[in-house]
Amino acid sequence: GTNEFGKEAVVVGDTVVALTGADSIIPQNGYVISGHGDAKKWISANLRVGTKITLDAKNMKISSYTTIESYRYLARAKINEVERITKSVQGYTYDQKTVQACLKRAKYYLLKSDGDNQEGLVYAVAAIDMAQHAMNYAMPYLEKELKGVWLRPTEKNKTEIENTLNDLQKTGINAVFVETYYHGKTIYPSAVMKKYGFSPQNPQFRGFDPLAHWVREGRKRDIDTHVWFENFYIGN
């Protein structure tokens with residue numbers, strides 16, 4: 001297998017059934033495509049769950065093709081995975097109503113995807129997206145459990161911050177750890193930095209206080225904002 005810098009595709013029969021990072025288990029009725037560098041780029045660009053593979057072992061050549069059926073395969077796989085998860089988490093708290101609504105919609109889109117035309121492809125992609133939504137909401141959680149994300153902010157204005165918080169709220173996130181100091185600059189206007197002769201604020205955020213807006217808008221969505229920064233780096 002490859003290491004953490006490579007990428008692998010697990011193939012059963014002639015179909016990619018999983019994309020992984022490293023050390024994939026070789027299936028009894030299949031094989032693993034493993035790649036670094038340009039080979040990794042090829043895997044990322046050409047293979048997805050459901051892609052069909054033709055293997056010419058004699059000439060060491062791999063060919064791939066993705067059809068509407070490949071998208072249907074991925075949609076079915078995601079739907080089956082959600083149903084497996086919901087059976088395994090019985091007794092735990094999760095958004096059962098939303099999961100079932102998303103699953104119902106995903107199955108409907110999958111049925112509508114019948115046919116090898118553009119409309120069929122649109123419905124197949126919609127089925128994948130809706131099944132993924134169901135999977136997001138199927139993850140069990142404890143009441144008042146911290147569900148947070150770390151992020152280095154790239155939002156340049158208040159609207160972009162609010163849009164990000166809306167997206168986080170939809171996935172059930174209730175805490176965000178905002179990196180407030182990096183590359184020697186703060187994201188907020190700092191009187192302390194100015195006092196000691198440093199840049200008072202990262203120039204990409206100049207003109208407003210993004211940290212204050214993260215805190216204020218987060219509270220409106222029941223999302224706690226935490227200040228995050230590194231006090232020193234260790235690298236190689």
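What follows draws every value from the coordinates through simple rules; no lab data is involved. Here the structure is a predicted model, which means the values were calculated and not measured. Here Cβ is always computed from backbone atoms with ideal geometry, including for glycine, and neighbour counts include all displayed protein chains.
About its Cα centre, what dipole magnitude does the range 36-134 give when the only charges are +1 on Lys and Arg Cβ and -1 on Asp and Glu Cβ, stated in debye to the nearest 20?
Values: 16 positive and 10 negative charges, 43 e Å.
Here the size comes out at about 200 debye.
Over the chain, what is the mean sequence separation of C-alpha contacts under 8 Å (at least six apart), divided by residue count, expressed as relative contact order in percent?
12 percent
Given that just one value was derived from the coordinates, which of (1) 7, 21, 23, 26, 17, 6, 1; (2) 8, 34, 36, 17, 4, 0; (3) 7, 29, 31, 22, 9, 1 is P(r) over Cα pairs in 10 Å bins from 0, in percent?
Of the listed options (1) 7, 21, 23, 26, 17, 6, 1; (2) 8, 34, 36, 17, 4, 0; (3) 7, 29, 31, 22, 9, 1, (1) comes from this structure.
To the nearest 10 degrees, how steep is helix 158-170 against the longest Cα principal axis of the chain, on a 0 to 90 scale?
That works out to roughly 50 degrees.
Arranged by the count of other C-beta atoms within 10 angstrom, fewest first, what order do His226, His183 take?
Working: His226 15, His183 7.
Going from least to most buried by this count: His183, His226.
If you take every DSSP beta bridge fully contained in the chain, what fraction is antiparallel? Give it as a percent rounded to 5. Could you put the intermediate results ahead of the total?
Numbers: 20 of 30 bridges.
So the antiparallel bridges amount to about 65 percent of the total.
Per-residue ellipticity at 222 nm for the chain, helices alone: DSSP H runs ≥ 4 residues times -39500 (n - 2.57), over residue total, nearest 500 deg cm²/dmol? Mind dumping the intermediate values first?
Details: 7 runs with 97 residues, N = 236.
Value at 222 nm, helices only, nearest 500: -13000 deg cm²/dmol.
Using a Förster distance of 30 Å, how high is the FRET efficiency between Met139 and Lys112, based on the Cβ-Cβ distance and rounded to 0.05?
Details: r = 27 Å, r/R0 = 0.91.
My answer for the efficiency is 0.65.
May I ask you to derive the relative contact order of the range 148-229, considering only C-alpha pairs under 8 Å and at least 6 residues apart, and to give it as an integer percent? Please report the intermediate quantities before stating the final value.
Values: 117 pairs, mean separation 30.9, N = 82.
Dividing the mean separation by the residue count of the range 148-229 yields 38 percent.
Work out, step by step, the length gained on full extension between Ser44 and Glu179: first 0.36 nm times the residue separation, then minus their alpha carbon distance; give nm to one decimal.
Values: separation 135, 0.36 × 135 = 48.60 nm, distance 2.95 nm.
Extra length available between Ser44 and Glu179 comes to 45.7 nm.
How far apart, in nm, are the 7 Å Cα→Cβ label points at Asp56 and Glu230?
Going by the 7 Å Cα→Cβ label model, 4.6 nm.
Expected output is a single nm value to one decimal: the length gained when fully extending between Ala22 and Thr154, i.e. 0.36 nm times separation in residues minus the C-alpha distance. What is it? Walk me through the numbers before you get to the answer.
Values: separation 132, 0.36 × 132 = 47.52 nm, distance 3.02 nm.
Residue separation times 0.36 nm, minus the Cα-Cα distance, leaves 44.5 nm.
Take Arg221, Arg206, Arg76 and order them by how many other Cβ atoms sit within 10 Å, fewest up front. Before the final figure, lay out each step's value.
On the way: Arg221 15, Arg206 11, Arg76 18.
Going from least to most buried by this count: Arg206, Arg221, Arg76.
Against the longest alpha carbon principal axis of the chain, how many degrees, from 0 to 90 and to the nearest 10, is the axis of helix 68-88 turned?
Long axis of 68-88 versus the principal axis of the chain: about 70 degrees.
Using only Cα atoms and rounding to the nearest 10 degrees, what angle (0 to 90) does helix 118-137 make with the longest principal axis of the chain?
Helix 118-137 sits at roughly 60 degrees to that axis.
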